[in-house]
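Report on the structure given below.
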């Protein structure tokens with residue numbers, strides 16, 4: 001699989017990454033066996049970048065990912081995790097997490113973007129994964145914590161980077177305006193842009209991607225299927241968009257894209273993966289993959305030919321911004 005380098009660093013990412021939120025039981029339970037088989041299938045397909053976070057299943061994702069990678073040559077893969085949510089004992093467990101993961105809630109999340117919180121979080125992640133180091137660490141969802149993130153979390157990560165403990169540092173969010181600020185005003189190397197640069201949304205061109213180009217930094221695109229509506233050749237019943245039921249106008253737009261994809265002999269998932277990778281600042285598209293079958297489906301979509309005429313027809317139909325880069 002092709003790789004791209006996070007600008008200004010020695011960190012190289014495969015163009016497709018394994019998003020481990022789903023093996024943390026995002027929305028539904030996944031068995032230990034399915035999780036391990038998904039990671040194994042990703043490895044066999046050439047994927048060498050794996051992204052996780054304490055938030056995902058209250059540590060379950062990190063534990064499962066570490067177990068699945070155990071025994072593989074550490075120099076051959078890249079792992080990223082996140083800071084900003086410490087996992088602490090829950091004094092009032094109900095038996096099930098209430099933040100979207102089908103996991104027990106003996107632990108709870110405690111937002112903490114302080115220097116001490118960052119160091120504690122990284123130590124805990126290394127313990128859960130069993131890894132000797134993390135390659136990339138992102139500040140996770142600091143939407144309401146800008147000040148502490150820029151005054152404590154990012155300087156702490158920058159110190160670790162300067163010591164050679166981390167290869168790259170960044171911020172991951174579901175919004176683009178603040179990510180653009182982090183790119184302009186802090187020493188991050190890369191941002192993880194979730195759901196804001198896709199076939200259905202391209203406004204991040206004007207802030208995150210334009211800023212990344214101006215300061216010569218990199219972007220990892222996640223959520224390119226927009227919560228699943230672009231994960232199938234056509235949106236099905238109960239299609240989700242941005243974590244909620246898709247509105248009729250969004251479903252109609254996705255069907256318009258599907259019509260044009262079919263005319264060109266390709267599919268929405270293939271186009272959804274190829275589109276962000278056409279931007280010179282995007283170094284990776286990370287996809288959630290719950291099973292070996294989902295890995296194979298996504299890798300097939302990545303490898304599927306997307307005819308150049310598709311992009312001009314999408315532009316002509318008003319479905320892509322005129323200034324959006326597209327594959328040659």
Of the residues that make up the stretch 62-83, is at least one at positive phi and surrounded by 22 or more Cβ atoms within 10 Å (Cβ to Cβ)? no
Exactly one of 61, 75, 80 is in a helix (DSSP H, G or I) and either out of contact with any helix residue (DSSP H, G or I) (no Cβ under 6 Å at 6 or more places or on another chain) or within 20 Å of residue 12 (Cα to Cα) (or both), and that one is 75
Scan the stretch 155-173 residue by residue and report those that are assigned to a loop (DSSP other than H, G, I, E, B), crowded, with 17+ Cβ neighbours inside 10 Å and free of Cβ contacts under 8 Å to residues at least 60 places away in the same chain. 166
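Quick one: which residue in 23, 16 is within 20 Å of the chain's Cα centre (by Cα), farther than 28 Å from residue 212 by Cα and crowded, with 22+ Cβ neighbours inside 10 Å?
Values: 16 fails: farther than 28 Å from residue 212 by Cα.
Of 23, 16, the one residue that is within 20 Å of the chain's Cα centre (by Cα), farther than 28 Å from residue 212 by Cα and crowded, with 22+ Cβ neighbours inside 10 Å is 23.
Which residues, taken from the stretch 199-216, are surrounded by fewer than 24 Cβ atoms within 10 Å (Cβ to Cβ), in contact with a helix residue (DSSP H, G or I) (Cβ under 6 Å, 6 or more places away or on another chain) and either assigned to a helix (DSSP H, G or I) or in contact (Cβ under 8 Å) with a residue 40 or more places away in the chain (or both)? Show your work before the answer.
Keep residues of the stretch 199-216 that are surrounded by fewer than 24 Cβ atoms within 10 Å (Cβ to Cβ), which gives 200-203, 205-207, 210-211, 213-216.
This time we only want the ones that are in contact with a helix residue (DSSP H, G or I) (Cβ under 6 Å, 6 or more places away or on another chain), so: 200, 207, 211, 215.
200, 211, 215, listed by residue number.
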Which residues, taken from the stretch 251-272, are touching a strand residue (DSSP E or B) at 6+ places or on another chain (Cβ under 9 Å) and crowded, with 20+ Cβ neighbours inside 10 Å? 254, 272
Does any residue in the stretch 18-46 that is on the phi > 0 side of the Ramachandran plot and in contact (Cβ under 8 Å) with a residue 24 or more places away in the chain come within less than 9 Å, Cβ to Cβ, of a residue that is buried (at least 24 other Cβ atoms within 10 Å of the Cβ) and assigned to a loop (DSSP other than H, G, I, E, B) six or more places away or on a different chain, and which pairs are these? 25/56; 25/57
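No lab work stands behind these numbers, since they all come straight from the coordinates. Owing to the predicted nature of the structure, the values given are computational and were not obtained by experimental measurement. All Cβ positions, glycine included, derive from the backbone under ideal geometry; neighbour counts span all protein chains shown.
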